[in-house]
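Below: the structure, in structure tokens.
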Amino acid sequence: MTKEEQRLQEKKILRDIVESKLDIQGGYQKPEWTDILAFQLLMLPFNLGKVAWFHVRRFYKYTIMREEFDDIEKDYRTRKVVGLSETQWDAVSEEKKASLYKKELWYEANKEVNSFLVIDERFLLKVPT
């Protein structure tokens with residue numbers, strides 16, 4: 001083997017190691033075949049229906065029927081108040097999530113009272129907004 005071939009082989013091995021160890025978080029991920037524009041356009045009517053059903057169900061359940069918020073809804077509302085995507089929210093530590101849950105940000109009154117605290121949490125989370 002020549003030195004050039006050895007160097008190329010070492011680069012390939014290092015690249016494979018780095019790619020296998022790399023943990024991509026914060027809203028970025030490796031592209032998949034479902035990310036292709038044509039597939040997304042094909043799935044658009046279905047996805048719009050899912051979003052519409054999600055909001056209609058939430059409106060009926062929590063506004064008309066006045067049910068208590070379940071854990072999923074509390075999680076969703078807290079994430080929206082803080083302004084994080086689902087992927088970013090998954091990357092937040094459980095301790096920071098617990099501190100946000102203690103503030104009960106899913107209630108409208110607490111959103112306004114704790115608005116300055118949410119800014120501090122955004123700073124602590126180190127998430128770009």
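For residue 72, are the conditions met, namely being open to solvent by 90 Å² or more (accessible area, probe 1.4 Å) and closer than 30 Å to residue 30 by Cβ?
Details: open to solvent by 90 Å² or more (accessible area, probe 1.4 Å): yes; closer than 30 Å to residue 30 by Cβ: yes.
Judged against the criteria, residue 72 is a match.
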Checklist outcome for this item: Over the range 83-124, the set of residues open to solvent by 40 Å² or more (accessible area, probe 1.4 Å), modelled with pLDDT under 85 and aromatic (Phe, Trp, Tyr) is 107, 116, 123
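The values are calculated or read from the model by the stated rules, or taken from the named source; none is laboratory data. Keep in mind that what you see is a predicted model, and the values were worked out from it rather than measured. Neighbour counts run over all protein chains shown; Cβ positions are idealised from the backbone, glycine included. These accessible areas exclude ligands, DNA and RNA; they are computed on the full protein's heavy atoms, side chains included. Shrake-Rupley method; radii C 1.70, N 1.55, O 1.52, S 1.80 Å.
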